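Nothing in this text is a laboratory measurement; each read-out follows from the coordinates by a stated rule. The structure displayed is predicted, hence computed values, not measured ones. For neighbour counting, all protein chains shown are included, and Cβ atoms are generated from backbone atoms with ideal geometry for every residue, glycine included.
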Amino acid sequence: MKASDLFVKALENEGVEYIFAVPGEENLDLLQSLKKSKIKLILTRHEQGAGFMAATYGRLTGKPGVCMATLGPGATNLVTPAAYAQLGGMPMMMITGQKPIKKSKQARFQIIDVVDMMRPITKYTKQIVNSNNIASQIREAFRIAQEEKPGAVHLEFPEDIAQEECEDLVFQVTGHIIPKPDDKAISDAIEMIENANKPLLLIGAGANRKITCEALRAFVDHTGIYFFTTQMGKGVIDERHPKYLGTAALSSNDFLHAAIDEADLIINVGHDVIEKPPFFMKQGGKKVIHINFSPAEVDPVYFPQLNVVGDITNAIKKISDDIKPQDHWDTSLFKKVKSGVDSHLSKYFEDTRFPMLPQRLVNLLRNKLASEDIITLDNGVYKLWFARNYTCHKPNTLLLDNALASMGAGLPSAMAVNMLYPDRKVVSVCGDGGFMMNSQEIETAVRLKLNLTVIILNDEAYGMIKWKQEDMGFDDFGLDYKNPDFVQYASSYGANGYRPESDQDFQKTLNHCLETDGVHLIDLPVDYSLNHPILNVMLKEKANKL
């Protein structure tokens, strides 16, 4: 059997549906083998687009998304998506080509050590040097990509190895078993929670698993303990729940941090230090229970007193079964914080000024979208407003990245979402800076006949950095630029472009886009004038009074 055919057969054996790719000369044998396969090749316009789509596929399905590139610059263009998947806990497999390794025909042209380059940002990276090892190496790569914590893996497939003849063999796909947490750790956790005066539950990205969501909701309903989330833990429990305090979008000084500071015990579920802990520990201060698939990585601000290691769902269920709600638990400040959060977050929801406030956009999208519809965010200051102000009803309905926090991922992520969930409405909210980093994928979306709405928040600047610049007292300098005409830009790709001129006009445009098939781009002027006075000044003053 030809080695490239076996490679594809092994991918089929793993249940691969798509390969997102920018192929090169060194991938042509594999490309030919894919032509005969049920796996669908998704040709993108940049390797970053392919990588971000594959990572999002992995994030939403729990199965590794697969992307492919050639050697040299093709492989280097996958570095950012690799880090995005690795830090964000998204299972993804990268396949890169390489010149023949047994007989050089072009000296060192385009050759870099891709395996060594990928090593610090993947869980597993190998060059295939023997075609008879293809099946075992693919099985191993998929196993490692899916095991907790999920992440990126990489295989380099040289051109001459792809052309070899080899055995027709694939390995049985087996599930992985996550160990159950230790009973002693469970009983210690129950004792710590029952003895606490002001326990508080933190939900992180690692808890974003369907069964875990149900277990955590049951735990909160049984105990009455208030909870908050990290940005990537949003929606694990329906955020309309009366015990939900909010999302830790800022590092400090939000209303939520008054509750965190007051708590004497944090029950930290599914969180790791890649998502910066929204609290600081000090010796003799609050206690922390770390509940996760792996032990805590201790650093100067995070050193839990108890590790409950193993299957998160099992741990939460066991704790819920045996814990007894305590009359001495003091929730008075948490109730006050909840009231402050709810009143503050909705303050500008009905403000119809134009250019539009990001708070207003959050409210309009929440009102227009159903509970299961999905928003993907790129990275910019608007991400803070969505993390704080958008109420998620279900898990993975607001996709943002607070691990690598890379610009350029919002549009490709939305494309992968629409491919997976064609019956849901999909909206990608991007800053003009992030959108332009992978805007060429609009052609891919149109070619694939996807249905999605892209809202470009246009301030002609790198707004997040301008906000930081103002907060740090620096001059307004070096962060402004000019954009293309986004309406004409959309039209040039065969998409639909719009430029609303008022709040009412935007609402009509949004309704049309959400109800009409095709790819839609809305060029929306945004007003960031309240970023500094609210996020840097007012919150600090009000939160300190709680």
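Annotations
- In order through the stretch 202-213: 3J(HN,Hα) via Karplus (6.51 cos²θ - 1.76 cosθ + 1.60), integer Hz, x for Gly, Pro: 10, 10, x, 4, x, 8, 7, 10, 3, 5, 5, 4
- Angle between the chain longest axis and helix 332-345 axis [Cα atoms, degrees, rounded to 10]: 60 degrees
- Residues whose amide H falls under 5 Å from that of L404, counting only those 5 or more places apart or on a different chain, are G88, with hydrogens built in the peptide plane.
- Helix-only [θ]222 nm of the chain, DSSP H runs n ≥ 4, -39500 (n - 2.57) each, per residue, nearest 500: -11000 deg cm²/dmol
- E14 sits among other residues whose Cβ lies under 12 Å from its own Cβ, and their net charge, with Lys and Arg +1 and Asp and Glu -1, is +1.
- For the stretch 53-66, putting each phi into the Karplus relation 6.51 cos²θ - 1.76 cosθ + 1.60 with θ = phi - 60° gives couplings of 5, 5, 5, 5, 4, x, 4, 8, 9, x, 9, x, x, 10 Hz, in residue order, rounded to whole numbers and with x for Gly and Pro.
- Taking amide H atoms as placed 1.01 Å from N in the peptide plane, the amide H of Y226 lies under 5 Å from those of L201, each 5 or more residues away in sequence or on another chain.
- Estimated at 0.36 nm per residue, the fully extended path between K508 and S294 surpasses their Cα-Cα distance by 72.2 nm.
- Against the main long axis of the alpha-carbon atoms of the chain, helix 183-195 sits at an angle near 30°.
- From phi via Karplus (6.51, -1.76, 1.60), per-residue ³J(HN,Hα) for the stretch 223-239 in Hz, x at Gly/Pro: 8, x, 6, 5, 9, 9, 10, 7, 4, 8, x, 4, x, 4, 10, 3, 7
- Taking the stretch 331-445 as the region of interest, the number of lysine pairs whose Cα atoms are within less than 21 Å, with members eight or more places apart or on different chains, is 12.
- Measuring how big the stretch 3-162 is from its alpha-carbon positions, Rg and Dmax come out at 13.9, 42 Å.
- Shape analysis of the chain based on the Cα gyration tensor places the equivalent ellipsoid semi-axes at 40, 32, 20 Å, largest first.
- Amide H partners (placed H, <5 Å) of I455, local residues excluded: S428, V429, C430, I522
- Between the Cα long axis of helix 134-146 and the first principal axis of the chain there is an angle of about 10°, rounded to the nearest 10.
- For the residue pairs K149/K282; K198/K282; K38/K126; K149/K317; K9/K99, the alpha carbons lie more than 24 Å apart in K149/K282; K38/K126.
- Once the Cα-Cα distance is subtracted from the 0.36 nm per residue extended length, the D485 to Q326 segment shows a gain of 51.2 nm.
- Loop chymotrypsin sites (Phe, Trp or Tyr not before Pro), the stretch 260-339, which have at most 11 other Cβ atoms in a 10 Å radius of their Cβ (DSSP): none
- Going by neighbour counts of Cβ atoms within 10 Å, the residues I225, I203, I534 line up, fewest first, as I534, I225, I203.
- Ordered by the number of other Cβ atoms lying within 10 Å of each residue's own Cβ, fewest first, I456, I177, I323, I375 fall into the sequence I177, I323, I375, I456.
- The stretch 486-538 and the stretch 365-407 have Cα centres spaced 16 Å apart.
- Computed log₁₀ I(q)/I(0) - Debye formula, equal Cα scatterers, no solvent, the stretch 348-536, q 0.08, 0.11, 0.15, 0.19 Å⁻¹: -0.23, -0.44, -0.85, -1.43
- Sites excluded, trypsin sites (Lys or Arg not before Pro) in DSSP loops with at most 13 other C-beta within 10 Å, longest stretch of the chain: 109-239
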